[in-house]
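The values are calculated or read from the model by the stated rules, or taken from the named source; none is laboratory data. Just so it is clear, the model here is predicted, and its values are computed rather than measured. Note that each Cβ is placed from the backbone with ideal geometry, even for glycine, and that neighbours are counted across all protein chains shown.
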Amino acid sequence: MISLSTFSSFGSFEFDGFSVDESNIVKKRIIHLKSISPSGKCPCCHTESNAKHSYYVRNLKDLSWSDSSVEVSLKVKKFYCKNIHCSRKIFTERFTQEIQPYARSTTRLQHQLMVLGLTIGVRALQRISSHLQLEYSTSPLLCFAHLFQVNDTNELTINCLGIDDWAFKKQVSYGTILVDLETRQPIALLPDRKVETVSKWLLAHPEIKIITRDGSSSYASAATKGAPHTHIQDNPQTRHSSISPLN
């Protein structure tokens, strides 16, 4: 077992609504957390309840510390719903954005994997995952990217945009990736390749001056519809220079 003062030297470990019970190291760090909220809101009717039913334990992977992987063990409450008309008689308490219902990893870990996967490619990330103390196959990494498929780009000013498709699952499900060609960084993932989806995104960004796309007719139509005053060019090199790490 490791004391709080010892593991605090590795960095901050905080989750709103939880206190740390203990921390164990057995090849990996296991952090035991318990909820400190006395009540919860029913996810169906949003009625507040402090009538406890039971506890259960959730295990989530989190960001690594030093040379150790981290697992978070959450002691979570279940409550009786006080609304007699609600279809949900017993519910599990919900937490902040950092811990999503049914998730097996924290949001901050998902975000880190998504950023790394989009930057160096999910297969490359899979190869170096052991050095990062992460154990994930390609499929979960793609699922994390799927969770973040619509990014907030309202604060960005984009002059040159690259548009291409990429596979959530090859030969099964495809989306659209948007790349800032000046920074060579992916900025958004769209859930499909439909003209309506892509053109809607383009309409929200009238500042774009140049669009480079693959040869897809749907992207040509989307660019014409969503950015009619933008210079549009078909440049297959975009795929290899900016987006190929995803394949």
Original post:
If you go through segment 168-192 one residue at a time, how many are small (G, A, S) and in contact (Cβ under 8 Å) with a residue 12 or more places away in the chain?
Top reply: 2
**OP:** Could you give me the residue pairs with C-beta distances under 8 Å whose first residue belongs to segment 62-74 and is within 21 Å of T96 (Cβ to Cβ), whose second residue is assigned to a strand (DSSP E or B) and of a type in the set (S, T, N, Q) wherever it lies, and which are 6+ apart or on separate chains?
**Re:** D62/S105; V70/S64; E71/N59; V72/N59; S73/N59; L74/S35; L74/N59
Subject >> Matching option when the condition is touching a residue at least 12 places away in the same chain (Cβ under 8 Å) and surrounded by 15 or more Cβ atoms within 10 Å (Cβ to Cβ), among T96, T47, T107 >> reply: T47
Original post:
How many of the residues in segment 49-76 are closer than 17 Å to L132 by Cα and in a loop (DSSP other than H, G, I, E, B)?
Top reply: 2
Original post:
Which condition number in (1) closer than 19 Å to I31 by Cα; (2) part of a strand (DSSP E or B) is the one that F79 fails?
Top reply: (1)
Original post:
What's the number of the condition P206 fails, among (1) within 22 Å of the chain's Cα centre (by Cα); (2) without any contact (Cβ under 8 Å) to a residue 24 or more places away in the chain?
Top reply: (1)
Subject >> Qualifying positions in segment 50-75 - touching an Asp or Glu at 6+ places or on another chain (Cβ under 9 Å) and of a type in the set (D, E, K, R) >> reply: K61, D62, E71, K75
Original post:
Which residues, taken from segment 91-131, are hydroxyl-bearing (S, T, Y) and under 19 Å from V70 (Cα atoms)?
Top reply: Y102, S105, T106, T107, S129, S130
Subject >> Considering residues of segment 148-176 that are at pLDDT below 75 and buried (at least 16 other Cβ atoms within 10 Å of the Cβ) only, the residue farthest from S105 (Cα to Cα) >> reply: F168
Original post:
Hey, among the residues in segment 190-221 that are touching a strand residue (DSSP E or B) at 6+ places or on another chain (Cβ under 8 Å) and either exposed (fewer than 15 other Cβ atoms within 10 Å of the Cβ) or on the phi > 0 side of the Ramachandran plot (or both), which one's modelled with the lowest pLDDT?
Top reply: G215
**OP:** Of the conditions (1) small (G, A, S); (2) buried (at least 18 other Cβ atoms within 10 Å of the Cβ); (3) over 14 Å from F95 (Cβ atoms), S68 clears all except one; give me its number.
**Re:** (2)
